[in-house]
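Worksheet: the structure to be examined is printed underneath.
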Amino acid sequence: MRDVTKKLIINFNIVDSDFMGFIVDKESSLSFHHIIKKQRGGKLTYNNGAILVRNTSHNYLHIIESRELDMYIYINKILKDVNNQGYLPTHDQLRCIFNCLEKFERDHSGDTNSKGTPLIKESFQKRIIL
């Protein structure tokens with residue numbers, strides 16, 4: 001795990017949930033999400049990072065990016081706000097994220113990927129309860 005990832009985990013006290021409100025099972029499942037993508041010049045820096053659970057929120061966010069770019073940008077803006085405020089998302093921030101996820105789930109419930117696997121996995125619904 002990279003030093004910047006470890007620093008974000010420690011400073012944000014990531015124990016039970018990540019920046020998007022997804023349940024953390026173990027620290028090794030956490031990953032660094034570039035708020036500004038590497039392809040757009042985003043660096044692997046503390047100020048450009050969000051800690052997400054690799055196989056749930058991180059994967060899910062990139063699925064959203066591939067189908068609903070505006071929603072992805074909106075969620076990333078919230079993640080940037082969380083990074084700037086220096087503490088995990090507020091109830092209102094989580095509500096905004098969850099509303100996006102719920103809309104995505106309604107709009108894409110029957111969608112599959114190129115291999116025919118459902119786009120929205122059951123594990124993507126393992127979020128904290130508001």
Under 8 Å by Cβ, and 6 or more places apart or on different chains, what pairs join a residue from the stretch 2-24 that is closer than 11 Å to Gly49 by Cβ with one that is open to solvent by 80 Å² or more (accessible area, probe 1.4 Å)? Ile9/Glu27; Phe12/Tyr87
Answer with yes or no whether Tyr87 is modelled with pLDDT of 95 or more and either among the polar types (S, T, N, Q) or over 23 Å from Lys7 (Cα atoms) (or both). no
Quick check: is even one residue across the stretch 87-96 part of a strand (DSSP E or B) and touching a Gly at 6+ places or on another chain (Cβ under 7 Å)? no
Does the stretch 102-120 contain any residue that is in a strand (DSSP E or B) and loosely packed, with under 12 Cβ neighbours inside 10 Å? yes
Just the residues that are more than 18 Å from Lys26 (Cα to Cα) and either open to solvent by less than 60 Å² (accessible area, probe 1.4 Å) or within 9 Å of the chain's Cα centre (by Cα) (or both), please, taken from the stretch 47-59. Asn48, Gly49
When (1) surrounded by fewer than 21 Cβ atoms within 10 Å (Cβ to Cβ); (2) among the hydroxyl-bearing types (Ser, Thr, Tyr); (3) touching a strand residue (DSSP E or B) at 6+ places or on another chain (Cβ under 6 Å) are applied to Tyr74, the one that fails is (3)
Of all the residues that make up the stretch 5-46, how many are part of a helix (DSSP H, G or I) and open to solvent by 70 Å² or more (accessible area, probe 1.4 Å)? 9
Among the residues of the stretch 34-41, is any more than 25 Å from Lys121 (Cβ to Cβ) and within 14 Å of the chain's Cα centre (by Cα)? yes
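The values are calculated or read from the model by the stated rules, or taken from the named source; none is laboratory data. Only a predicted model underlies this, so the values are computations on that prediction, with no experimental measurement involved. Cβ: placed from backbone, ideal geometry, glycine included. Neighbour counts: every protein chain shown. All accessible areas refer to the heavy atoms of the entire protein, side chains included, with ligands and DNA or RNA removed. Shrake-Rupley method; radii C 1.70, N 1.55, O 1.52, S 1.80 Å.
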